[in-house]
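What follows is a short report on a single structure.
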Amino acid sequence: MAESTDWTTQRCVPCEGGIPVVSVTSAASFCAEHPCWELSSDGHSISRKLNCGRFTVAVSTLNQIGDLAEREQHHPDLHLTGYRHLRVVLTTHAIDGLSENDFIMAAKIDALLDNTVNGEE
């Protein structure tokens, strides 16, 4: 992964396996540059937690992320709990780890959220 990449200008590429997993070091670098995202202990996923304040805002945010995921054809796991808490988890299931698609989606989700929800947990 290149340093200081503008991930929002990139497009996700369909992945059905056969590509290398992004190293834990590269994933940790991404998270250092994007502190809203947390690297899992096994290095296989990144996640972001949001406190949306209200249920309607959480559902709207979830739907907006879903629309973005459809456009990019890279789908995060979305967890809505406690009526206002949203957790977004990115991983590339086909390789059981992180791919560049996950960082593209994370950056695009950040850009989306910059315009909608500001409440981090």
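Loop-resident trypsin sites (Lys or Arg not before Pro) (DSSP state other than H, G, I, E or B) in the stretch 1-88 with no more than 16 further Cβ atoms inside 10 Å of their Cβ: Arg11, Arg54. For the stretch 1-82, the set of GluC sites (Glu not before Pro) satisfying both a DSSP loop assignment and a count of at most 10 other C-beta atoms within 10 Å is given as Glu3, Glu16.
Apolar share of the accessible surface for the chain: 49 percent from carbon plus sulfur atoms, 1.4 Å probe. Placing a label point 7 Å from the Cα of Asn115 along the Cα-to-Cβ direction, the residues of the stretch 70-102 whose backbone N falls under 18 Å from that point are 70-73.
Taking each residue as 0.36 nm, the span from Val21 to Arg71 lengthens on full extension beyond its C-alpha to C-alpha distance by 15.7 nm. Accessible surface area normalised per residue over the chain is 54 Å², counting heavy atoms of protein chains with a 1.4 Å rolling probe.
The values are calculated or read from the model by the stated rules, or taken from the named source; none is laboratory data. Quick caveat, the model's predicted, so the values are computed rather than measured. Using ideal geometry, Cβ is built from the backbone for each residue, glycine included, and neighbour counts are taken over all protein chains shown. Ligands, DNA and RNA are stripped out before the accessible areas are found, and what is left, the full protein with its side chains, is counted by its heavy atoms. Shrake-Rupley method; radii C 1.70, N 1.55, O 1.52, S 1.80 Å.
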